[in-house]
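Heads up: the structure comes next, in structure tokens.
The values are calculated or read from the model by the stated rules, or taken from the named source; none is laboratory data. All values derive from a computational prediction rather than experimental measurement. Backbone-built Cβ (ideal geometry, glycine too); neighbour counts: all protein chains shown. Note: accessible area is taken over every heavy atom of the protein model, side chains too, but ligands, DNA and RNA are not part of it. Shrake-Rupley method; radii C 1.70, N 1.55, O 1.52, S 1.80 Å.
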Amino acid sequence: TTASATIASASVARLVSACVFPAGMAMVLVAGSELFTGNNLIIISVLQKKTTVAGMLKNWFFVFLGNFIGAGFVAVMVIYSHVPDLYNGLLAQKVVAAAMSRINQSFSEAFMRGVLCNILVCIAVWAAFAAKRVSGKLFVLCGFEHSIADIYFGIAGIAAAGEYGIAAEGLNFGSFLLKNLLPVTLGNIVGGAGIVGIGYWLVYLRHTPLSPMTIEAEQEEIDIAEEY
């Protein structure tokens, strides 16, 4: 948002944003952090019987909660440190506009944009080094919706509207949660777990026989678990 705030051309502004955004994904992949949208690929481990559905849902819940707290913390720190004062307050207006655009979509639009977004995000995780330069840019450039990014945009927009006195009719936590975060999160799950996760499993792993070493390792894990 900061990089593109003063760019008058909407298409150029989006291109600049798309070039900057992948730094966040790169940090997640390199630092070993947990990102809800990328963790939708745990569905592959469930299908491979490496983990359980309950274990996957537990991971999704706590990672989403952690991402929500983290994104909300960053949003509050950014707004109340008055970073949006940049460019004579133009950045504050852009922050609010970003939040408004997210609650002015229909449920189905937000859902489908969430599906499309996480197809690209999970391909980026799947093909880590190449895709962080390619797919990570595409979903921003195309205007797709990423639930964790939207947590930041929603909270930052609400806070900026109040702090800077910017009119934002209909923008509140209720509209943000119901009109944006809920459909986008569901769409991210369908796109990431359903289309990419299950899709790649069906194509590459479903009929792939386990090697003797893998079978032996799995048996050792079972034996250890039974001892405990």
Point to revise | Output for segment 28-46, where each listed residue is closer than 13 Å to Val125 by Cβ and part of a helix (DSSP H, G or I) | key: Val28, Leu29, Val30, Phe36, Thr37, Gly38, Asn39, Asn40, Leu41, Ile42, Ile43, Ile44
Point to revise | helices (runs of 4 or more DSSP H) contained in segment 48-131 and holding at least 3 residues at pLDDT 95 or above and open to solvent by less than 80 Å² (accessible area, probe 1.4 Å) | key: 53-80, 90-103, 107-126
Study note, to complete from the structure: Reported set for segment 27-85 where residues are of a type in the set (Gly, Ala, Ser) and without any contact (Cβ under 8 Å) to a residue 60 or more places away in the chain is Ala31, Gly32, Ser33, Ser45, Ala54, Gly55, Gly66, Gly70, Ser81
Exercise for review: Being of a type in the set (Gly, Ala, Ser) and closer than 29 Å to Leu35 by Cβ is the filter; apply it to segment 152-169 and report the residue that is nearest to the chain's Cα centre (by Cα).
Suggested key: Gly154
Check your understanding: Any residue in segment 60-73 that is aliphatic (A, V, I, L, M), under 20 Å from the mean Cα position of the chain (by Cα) and closer than 17 Å to Thr1 by Cβ?
Key -> yes
Practice item. Quick one: count up the residues across segment 10-27 that are open to solvent by less than 50 Å² (accessible area, probe 1.4 Å) and more than 15 Å from Leu120 (Cα to Cα). Key: 3
Check your understanding: Going through segment 2-13 one residue at a time, which ones are touching a Ser or Thr at 6+ places or on another chain (Cβ under 7 Å) and either in contact (Cβ under 8 Å) with a residue 24 or more places away in the chain or not hydrophobic (A, V, I, L, M, F, W, C) (or both)?
Key -> Ser4
Exercise for review: Evaluate segment 144-160: report whether one residue or more is modelled with pLDDT under 95, touching a helix residue (DSSP H, G or I) at 6+ places or on another chain (Cβ under 7 Å) and open to solvent by 40 Å² or more (accessible area, probe 1.4 Å).
Suggested key: yes
Revision key, fill the gap. If we keep only residues of segment 164-181 that are touching a residue at least 60 places away in the same chain (Cβ under 8 Å) and in a helix (DSSP H, G or I), then the residue surrounded by the fewest Cβ atoms within 10 Å (Cβ to Cβ) is Tyr164
